[in-house]
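Novice: Quick one: the structure is below, and I'll ask about it shortly.
Nothing in this text is a laboratory measurement; each read-out follows from the coordinates by a stated rule. As the structure is a prediction and not an experimental result, all values here were calculated from the model. Ideal geometry is used to build each Cβ from the backbone, glycine not excepted, and the neighbour counts take in all protein chains shown.
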Amino acid sequence: MVTRIEKIEGGKIVQTAEPDKDGYYHCYPEGQTMAKYMTRCSNLDEAAEFLTTNKRGRIRMNPDWSLIVDNIHIDGKPRESL
């Protein structure tokens with residue numbers, strides 16, 4: 001069970017994946033930013049599966065509800081190692 005998905009830079013957590021007001025995590029395939037390409041994940045396990053399957057996939061993180069592709073860590077491990 002995945003407990004956190006974060007952007008870590010220089011050993012510090014700078015952004016964290018959080019659900020929208022309806023409880024969904026927003027994931028996007030490589031190179032896409034438009035909502036029509038979004039995959040809504042109902043939990044962190046689904047989001048982690050998407051991100052490890054789509055190595056350049058993106059996920060929205062706070063603060064700022066930014067689309068993040070680089071330096072994504074799943075339960076503290078770089079997604080590239082999963």
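Novice: For Rg/Rh (Cα atoms, Kirkwood Rh), the choices are (i) 0.94; (ii) 1.19; (iii) 0.92; which was calculated from the structure?
Specialist: This structure yields the entry labelled (iii).
Novice: What number in nm² do you get for segment 1-46 if you take the convex hull of its Cα atoms and divide its surface by four? Numbers along the way, then the final one.
Specialist: Numbers: hull surface 16.5 nm².
Average of the hull's projected areas for segment 1-46 equals 4.1 nm².
Novice: Mind listing the long-range amide H neighbours of Ile72? Cut-off is under 5 Å, sequence gap 5 or more, other chains count too, H placed in the peptide plane at 1.01 Å from N.
Specialist: Those qualifying (amide H under 5 Å, at least 5 residues apart or on another chain) are Arg79.
Novice: Please go through segment 1-56 and write out the trypsin sites (Lys or Arg not before Pro) that DSSP classes as loop and that have at most 16 other C-beta atoms within 10 Å.
Specialist: Working: sites: Arg4, Lys7, Lys12, Lys21, Lys36, Arg40, Lys55, Arg56; in loops: Arg4, Lys21, Lys55, Arg56.
Counting only loop positions with at most 16 other Cβ atoms within 10 Å, the trypsin sites (Lys or Arg not before Pro) in segment 1-56 are Arg4, Lys21, Lys55, Arg56.
Novice: Fully extended, how many nm does the chain gain between Ile13 and Ser66 (0.36 nm per residue separation, minus their Cα-Cα distance)? Write out the running numbers ahead of the final one.
Specialist: Numbers: separation 53, 0.36 × 53 = 19.08 nm, distance 1.44 nm.
Here the segment from Ile13 to Ser66 would lengthen by 17.6 nm.
Novice: Turning to a different aspect of this structure: List every residue whose amide H lies under 5 Å from the amide H of Ser66, counting only residues 5 or more places away in sequence or on a different chain, with H placed 1.01 Å from N in the peptide plane.
Specialist: Met61
Novice: Of all chymotrypsin sites (Phe, Trp or Tyr not before Pro) in segment 3-82, which ones are in loop regions per DSSP and have a Cβ with at most 14 other Cβ atoms within 10 Å? Please list the in-between numbers first.
Specialist: Details: sites: Tyr24, Tyr25, Tyr37, Phe50, Trp65; in loops: Tyr24, Trp65.
For chymotrypsin sites (Phe, Trp or Tyr not before Pro) across segment 3-82 that sit outside H, G, I, E and B with at most 14 neighbouring Cβ atoms in 10 Å, the list reads Trp65.
Novice: Could you tell me the relative contact order of the chain? Use alpha-carbon pairs under 8 Å, at least six residues apart, and round to a whole percent. Could the numbers behind the result be given before it?
Specialist: Working: 149 pairs, mean separation 29.0, N = 82.
Here the relative contact order equals 35 percent.
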